[in-house]
Amino acid sequence: MLEIDIHLRRGRFERDVRISGEARVLALTGPSGAGKTSVLNAIAGLVRPVSGRIAIDGRTLFDSAARIDVPTHRRRIGYVFQDARLFPHRDVRGNLRYGRHGTGRGTDAFSLEAVVELLGIGGLLARRPANLSGGEAQRVAIGRALLSQPAILLFDEPLSALDQARREELIPWLQKVRDEVRLPMVYVSHTQDDVRRIAEAVHVLD
Amino acid sequence: MFTPEELTAVALSLKVAVAAALASLPLGVATAWVLARRDFPGKSLLDALVHLPLVLPPVVVGYALLVAFGHGGAAGRFLAEHFGISIAFRWTGAALASAIMGFPLMVRAVRLAIESVDRRLEQAAATLGASPLRVFLTVTLPLAWPGLVAGTVLAFAKALGEFGATITFVSSIPGETRTLSSEIYGLMQTPGGEAGIWRLAIVAVAISLAALLASEWLVRRQRHAERD
């Protein structure tokens with residue numbers, strides 16, 4: 001479960017964000033400029049809140065009062081970015097294997113085989129990211145995030161860089177990940193349609 | 001075709017230039033990364049210091065090295081007492097002088113390459129559990145690789161042609177510190193040395209051109225590999 005109570009400031013933009021609830025799959029929505037991505041970045045440790053506290057399943061990632069600020073690489077965040085951000089110098093397999101938190105001893109929640117199967121990316125393993133379609137790249141990005149054995153999955157408008165046909169193609173994969181991967185998820189979007197189809201609860205930033 | 005002295009000078013220059021370029025690479029990359037990716041007080045001062053050899057008279061750099069690494073100098077005494085080595089009037093001193101003169105060129109090339117690496121990829125690597133060092137080694141460095149090649153080649157080419165700082169610091173001892181440039185300068189003082197000057201000048205052009213073409217080829221090959 002995700003608990004957030006933070007004060008964010010970026011330039012002239014300032015806001016308090018308070019999120020807590022039992023929903024496993026939470027959508028974060030609101031108009032552009034409302035700071036949706038900033039909240040995800042704060043969870044991931046890419047943006048430092050002015051003050052407040054962030055915890056996942058009781059594990060504190062940030063607490064200004066207790067002077068806790070876990071560095072990004074130790075937060076166990078599976079972050080799927082708007083623009084996939086695959087490493088261009090590694091093939092798909094190299095991207096999938098990049099994550100660090102796995103032990104590789106069969107105790108991991110996600111194995112390469114299971115993730116490849118879950119996302120249907122077996123045929124792409126030897127390809128370079130430059131040769132993937134937008135939807136394929138996002139599926140690989142989701143797989144890469146899962147293989148880092150995260151404690152939470154963050155999605156930052158994963159559909160927004162895709163055309164309508166590709167969106168329709170990717171949504172079932174997202175639903176499958178949601179249903180088969182029992183991880184907390186935060187899904188940022190400004191379109192009502194995919195929010196309705198993917199999230200259990202909605203938090204609106206305005 | 002070449003006199004033995006000329007061949008010795010060319011071989012020595014190659015040795016000095018390769019040593020200078022490779023030895024300055026680690027510090028050059030570290031400096032470039034700090035300038036490209038970190039903000040700290042005194043950053044402009046560091047930037048200015050790095051660029052100093054570019055604008056300083058080479059003879060000043062050479063003299064400073066002589067004072068520091070000569071037999072009375074603090075750095076020279078330290079090296080002699082703790083490692084039993086002396087670089088004044090040795091080819092290693094020539095390599096150090098050329099490395100310093102080429103350092104700004106190397107740092108500029110590597111810094112530009114690091115700045116052009118998409119920081120969002122580095123962030124993605126961090127979310128996947130990579131420590132800052134691992135992000136640097138597995139994302140930044142491979143993507144900035146063409147800049148490293150360019151920087152190394154520039155430092156090599158600069159070292160190959162370095163004259164002022166080298167001759168001031170390590171003089172022009174045949175077989176030890178008489179590099180291609182020093183040899184040409186020596187021939188200019190010698191009656192009938194014109195033919196030798198021309199031969200060495202052509203060698204200098206050929207080596208520099210070959211280095212630049214080789215780096216261009218390496219970079220192209222890398223870009224090509226990324227597309228497949």
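The values are calculated or read from the model by the stated rules, or taken from the named source; none is laboratory data. Fair warning: this is a prediction, and the values are worked out from it, not measured in the lab. Counting neighbours? That spans all protein chains shown, and the Cβs are built from the backbone with ideal geometry, glycine included.
At a glance:
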quantity: Considering residues of region B:22-31 that are under 15 Å from B:Val50 (Cβ atoms) and under 8 Å from the mean Cα position of the chain (by Cα) only, the residue surrounded by the fewest Cβ atoms within 10 Å (Cβ to Cβ); calculated: B:Leu25
quantity: Among the residues listed as A:Gly99, A:Gly21, A:Gly122, A:Gly33, the single one being of a type outside the set (A, V, I, L, M, F, W, C), surrounded by fewer than 18 Cβ atoms within 10 Å (Cβ to Cβ) and more than 27 Å from A:His190 (Cβ to Cβ); calculated: A:Gly122
quantity: Subset of region A:128-168 (residues that are facing chain B (nearest Cβ under 9 Å), of a type outside the set (S, T, N, Q) and assigned to a loop (DSSP other than H, G, I, E, B)); calculated: A:Arg128, A:Pro150
quantity: Within region B:114-142, tally of residues that are within 14 Å of chain A (Cβ to nearest Cβ), under 25 Å from A:Val47 (Cα atoms) and in a helix (DSSP H, G or I); calculated: 19
quantity: Residues satisfying the stated conditions in region A:111-127, i.e. part of a loop (DSSP other than H, G, I, E, B) and at pLDDT 90 or above; calculated: A:Gly120, A:Ile121, A:Leu125, A:Ala126, A:Arg127
quantity: Single residue of A:Arg182, A:Arg178 found to be surrounded by 12 or more Cβ atoms within 10 Å (Cβ to Cβ), of a type in the set (Lys, Arg), within 16 Å of the chain's Cα centre (by Cα) and under 21 Å from A:Ala114 (Cβ atoms); calculated: A:Arg178
quantity: Hits in region A:135-166 - residues which are of a type outside the set (A, V, I, L, M) and over 17 Å from the mean Cα position of the chain (by Cα); calculated: A:Asp163, A:Gln164, A:Arg166
quantity: Qualifying residue in region A:47-55 (condition: among the charged types (D, E, K, R), surrounded by 15 or more Cβ atoms within 10 Å (Cβ to Cβ) and either more than 15 Å from the chain's Cα centre (by Cα) or within 30 Å of A:Leu170 (Cβ to Cβ) (or both)); calculated: yes
quantity: In region B:177-208, the residues that are in contact (Cβ under 8 Å) with a residue 24 or more places away in the chain, surrounded by fewer than 19 Cβ atoms within 10 Å (Cβ to Cβ) and over 20 Å from the mean Cα position of the chain (by Cα); calculated: B:Arg199
quantity: Output for region B:145-190, where each listed residue is within 30 Å of B:Arg120 (Cα to Cα) and touching a Lys or Arg at 6+ places or on another chain (Cβ under 9 Å); calculated: B:Pro146, B:Gly147, B:Gly151, B:Leu154
quantity: Tally of residues being free of Cβ contacts under 8 Å to residues at least 12 places away in the same chain and not hydrophobic (A, V, I, L, M, F, W, C) across region A:63-89; calculated: 4
quantity: Whichever residue in region B:143-169 is over 11 Å from the mean Cα position of the chain (by Cα) and not in a helix (DSSP H, G or I) and, among such residues, is farthest from the other protein chains (Cβ to nearest Cβ); calculated: B:Phe163
quantity: Listing of strands (runs of 3 or more DSSP E) fully contained in region A:1-110 that carry 3 or more residues being within 24 Å of A:Pro158 (Cα to Cα) and more than 9 Å from every other protein chain (Cβ to nearest Cβ); calculated: A:2-10, A:13-20, A:25-29, A:51-56
quantity: Pairs with Cβ under 8 Å, 6+ apart, first in region B:159-176 and surrounded by fewer than 22 Cβ atoms within 10 Å (Cβ to Cβ) and modelled with pLDDT under 95, second of a type in the set (Lys, Arg) and not in a helix (DSSP H, G or I); calculated: B:Ser172/B:Arg178; B:Glu176/B:Arg90
quantity: Flag for B:Ala19 being modelled with pLDDT of 95 or more, buried (at least 17 other Cβ atoms within 10 Å of the Cβ) and hydrophobic (A, V, I, L, M, F, W, C); calculated: yes
quantity: Extreme residue, surrounded by the fewest Cβ atoms within 10 Å (Cβ to Cβ), among residues of region B:60-89 that are touching a residue at least 24 places away in the same chain (Cβ under 8 Å) and in contact with a Ser or Thr (Cβ under 7 Å, 6 or more places away or on another chain); calculated: B:Tyr63
quantity: Matching residues, region B:170-228, being away from chain A (no Cβ under 14 Å), among the charged types (D, E, K, R) and in a loop (DSSP other than H, G, I, E, B); calculated: B:Glu176, B:Arg178
